[in-house]
Amino acid sequence: MGIAHPDLPLSIRDITVAYQKKPVLRHVSLDIPEGRLIGIIGPNGAGKSTLIKSIQGLVPAASGQVSIYGKPFKEQRKLIGYVPQRESVDWDFPTDALDVVLMGRYGKLGWFKRPSKRDKEWAMECLSKVGMADYSNRQISQLSGGQQQRVFLARALAQEAQIYFMDEPFAGVDAATEKAIIQLLNDLKAQKKTVLVVHHDLQTVTEYFDYIVMINKRLIAAGPTEEVFTSDNLQKTYGGRLQFIGEHTAVHTDTNKKGALV
Amino acid sequence: MNSFWIILTGSLVAATCGFLGCFLILRRMAMLGDAISHAILPGIAIAFLLTGGRDSIAMLVGAAVIGLLTVFLIQLFHQSGVKSDAAIGVTFTALFAIGVVLISLYGSHIDLDLDCVLYGEIAYVPWDTLVINGAEWGPRAVWGLGIIFIISLLVVGLFFKQFKICTFDPAMAAAIGIPVALFHYLLMGLVSMATVASFESVGAILVVAMMVVPSATAYLLTDRLPVMLGLSMLIGVLCSILGYSLATWLDSSIAGSMTVVAGLLFLISFLFSPRYGLVSKWQVRRQIKLELE
């Protein structure tokens, strides 16, 4: 287990995570190349969210190592942007959209500094980038689900990170927001940023991502989409719950999913 | 002058508790405040037994330690699979009961009476004065509460952004390296100290009212956290002034009257709050109906 390569934005070695006694992720090792838009896919309960949480130390890993550009995660926090699941916070919190985006600056401010005028201007710019400038003073509970998701993305942009972890940013948003989000992710990719997205909808995988990580409690496959997104790997990831139409198009038959139905 | 001291004491209690209570209700932890306020009883009793008097500092330390122990135990039970409301219920009733047993065992030898601990007696506050070198410096309770109030304001003011993000989005806070657990326990430590500083005047039971009601009222009136914090303190002061007036008029319990006023203020804002009040919601609905017709 040598020292990770300093050019790799993310390298993880042998991560195992267990809630209670049952491991939810076993021995996952991954090397993620720079400047890719990466989809993390797998069935419900496969450990997709757990993977990005354990990389960031939000759930304790039983074993394993994470390095960001060759250094431990803790030293590289400022390079990371995080978009948690929208449902993970209380949107009735008394604050407005701009203030939420400003929270993206807190990591850079250290212990005592307060957000400056420049921070506020930057937060405003990030809101404009997601098309939410007109809503900056809106109480967050008054925003629609799609607008809340855009606010979360703007907050991640405000972090000015190199690597982004996004936990189901497309869940429960309208088509316009989905389009705006994917546009934004492609912009980030064009700026050589590395974006990892937990994703549910298999129909859009080939369209959205140029690199994918397939997991189901363990790593099934990782690599460029055209090489890895095969019916064989899908079968291994999802088991018998999939039907195949043609070579690369897969339709999920599990009706509990928010994704496509037959 | 006595009225002034009583109102000041009441205001400090209500403002400190209201201000800290805002964070509790935003974290949906109002019942944790309830738990702490009851669970510190053994802390008070033990500190009292060890020092033999109402030494405020020993009591503050005792209460803060027990308060944090309560939070820790609740977390421990919860993580080991006990449902969180059950974990809270078990922990605070057990600790509270230990306090009751301790006080009834030893309380007769010393001047600590269960009624006083539970219900408080704010009317006696002006006579328990702080004396340094023979000079009187005003009621001790006012000093104790004033110091806790200022400490709470300073701590929350200094770490406002941390408290805010830990309350709104703890996962994000942890991801950017903010020690979420530290701020959790810091808040709970402040709550414990505010509770013990307040219990002599309003009692261990009504402290909960002061922690929840003014902040819940403020929550109905604004969409901004700093405004909510300010309003909760203002409402606290209002409760104290109006509650004292009500108590003198009815010749009844001051702490009780303060809480009744707090309840009434909550009811008023529940009905008439500009955005979330029942009346304004009803008006909006009528407006829409009229427009449709």
What aspartates and glutamates could a cross-link reach from residue A:217, if we take a straight Cα to Cα line under 14 Å and drop same-chain neighbours fewer than 8 places away? A:14
Multiplying the sequence separation of residue A:206 and residue A:141 by 0.36 nm and subtracting their Cα-Cα distance, what value in nm do you get? 20.0 nm
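Going through the cross-link list A:78/A:108; A:74/B:161; A:113/B:161, which pairs have a Cα-Cα distance over 18 Å in this structure?
Numbers: A:78/A:108 7 Å; A:74/B:161 21 Å; A:113/B:161 9 Å.
Exceeds cut-off: A:74/B:161.
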Against the longest alpha carbon principal axis of chain B, how many degrees, from 0 to 90 and to the nearest 10, is the axis of helix B:30-39 turned? 10
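So for region B:2-208, averaging the separation of alpha carbon pairs under 8 Å that are six or more residues apart and normalising by length, what relative contact order in percent results? Walk me through the intermediate numbers first.
Values: 269 pairs, mean separation 72.0, N = 207.
Relative contact order for region B:2-208 comes out at 35 percent.
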Just from its helices, what would the mean residue ellipticity at 222 nm be for chain B, if runs of 4 or more DSSP H residues each count -39500 (n - 2.57) and the sum is divided by every residue, rounded to the nearest 500 deg cm²/dmol? -27000 deg cm²/dmol
In peptide A:101-109, how many Cβ atoms from other protein chains are near each Cβ within 10 Å, on average? 4
How big is the dipole moment of the protein assembly as shown about its Cα centre under a simple scheme where the beta carbon of each Lys and Arg is +1, that of each Asp and Glu is -1, and everything else is neutral? Debye, nearest 20, please. 1060
How long is the gain from residue B:264 to residue B:287 if the chain were fully straight, where each residue apart is worth 0.36 nm and the alpha carbon distance is subtracted? 5.5 nm
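Output the peptides B:27-35, B:94-102 sorted from most to least packed, where packing is the average of other Cβ atoms within 10 Å over each peptide's residues. Please report the intermediate quantities before stating the final value.
On the way: B:27-35: 20.2, B:94-102: 17.7.
Top to bottom by mean Cβ count within 10 Å: B:27-35, B:94-102.
Compute the relative contact order of chain A as a whole-number percentage, counting only Cα pairs closer than 8 Å that sit 6 or more residues apart in sequence. The partial results should precede the final answer.
On the way: 508 pairs, mean separation 61.6, N = 262.
Reported relative contact order: 24 percent.
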Estimated FRET transfer efficiency (residue B:137, residue A:22; beta-carbon r; R0 51 Å; 0.05): 0.25
Given the candidates A:165, A:45, A:203, the one whose Cα lies deepest towards the positive end of the charge dipole of the protein assembly as shown, counting +1 at each Lys or Arg C-beta and -1 at each Asp or Glu C-beta, is A:203
The rounded separation in angstrom of the Cα centers of region A:146-176 and region A:1-63 is 20
Across A:94, A:169, A:33, the residue with the highest GNM fluctuation in chain A (Cα network, 10 Å cutoff) is A:94
From the alpha carbon gyration tensor of the protein assembly as shown, can you work out the equivalent ellipsoid semi-axes (sqrt of 5 times each eigenvalue) and give them in Å, largest to smallest? 51, 27, 21
Protection proxy (average C-beta count within 10 Å per residue), highest first, orders A:134-147, B:232-245, A:201-214, A:152-165 as A:152-165, B:232-245, A:201-214, A:134-147
Given H placed 1.01 Å from N in the peptide plane, which residues other than close sequence neighbours of residue A:10 have an amide H under 5 Å from its amide H? A:32, A:69
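For the pairs A:193/B:164; A:71/A:120; A:22/B:83, note any where the Cα-Cα span goes beyond 26 Å. Present the calculation step by step, with values, prior to reporting the outcome.
Values: A:193/B:164 29 Å; A:71/A:120 31 Å; A:22/B:83 20 Å.
Flagged as over cut-off: A:193/B:164; A:71/A:120.
Sum -39500 (n - 2.57) across every DSSP H segment of at least 4 residues in chain A, then divide by the residue count to get the 222 nm mean residue ellipticity, nearest 500.
Numbers: 9 runs with 77 residues, N = 262.
When only DSSP H runs of four or more count, the value is -8000 deg cm²/dmol.
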If one computes the Cα centroid of region A:182-207 and of region B:189-239, what distance in Å separates the two points? 46
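Please state the charge dipole magnitude for region A:1-110, taken about the Cα centre, from unit charges on C-beta atoms (+1 on K and R, -1 on D and E), reported in debye and rounded to the nearest 20.
Computed charge dipole of region A:1-110: roughly 380 debye.
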Residue B:147-residue A:230 pseudo-label distance in nm [points 7 Å out on the Cα-to-Cβ vector]: 7.3
Tabulate in residue order the Karplus-calculated ³J(HN,Hα) for region B:126-140, using 6.51 cos²θ - 1.76 cosθ + 1.60 with θ = phi - 60°, rounded to whole Hz; enter x for Gly and Pro. x, 8, 8, 9, 8, 10, 10, 6, x, 9, 8, 10, x, x, 5
Amide proton proximity set for residue A:59, modelled H, under 5 Å, gap of 5+: A:54
Could you derive backbone 3J(HN,Hα) for region B:157-171 from the dihedral phi with the Karplus parameters 6.51, -1.76 and 1.60 (θ = phi - 60°), listing whole Hz in sequence and x where the residue is Gly or Pro? x, 5, 10, 4, 5, 5, 4, 5, 6, 5, 7, 6, 9, x, 5
Between B:73, B:221, B:50, find the one with the highest GNM mean-square fluctuation for chain B; connect C-alpha pairs within less than 10 Å. B:50
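Work out the mean other chain Cβ neighbour count within 10 Å for the residues of A:51-62 and drop it here as an integer. Could the numbers behind the result be given before it?
Numbers: counts 0, 1, 3, 0, 1, 6, 3, 6, 2, 0, 0, 0.
Partner Cβ neighbours, averaged per residue: 2.
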Could you bin all the Cα-Cα distances of region A:10-252 into 10 Å bins starting at 0 and give me the percent of pairs in each, rounded to whole numbers? 7, 31, 35, 21, 5, 0
Given +1 on the Cβ of Lys and Arg, -1 on the Cβ of Asp and Glu, and no further charges, what dipole in debye does region A:10-252 carry about its Cα centre, rounded to the nearest 20? 1040
Provide the gained length on full extension for the span residue B:51 to residue B:224, in nm with one decimal, where the gain is 0.36 nm per separating residue minus the Cα-Cα distance. 57.9 nm
Zone of residue A:78's modelled label, taken as backbone nitrogen in region B:145-189 under 15 Å from a point 7 Å along Cα→Cβ: B:176-178
Within 10 Å of each Cβ of B:223-230, how many other protein chain Cβ atoms are there on average? 3
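Bear in mind these aren't lab numbers, they're just calculated from the coordinates by the rules spelled out. Everything numeric in this text was worked out from a predicted model, so none of it was measured. Every residue, glycine as well, gets a Cβ built from its backbone with ideal geometry; the counts of neighbours run over all protein chains shown.
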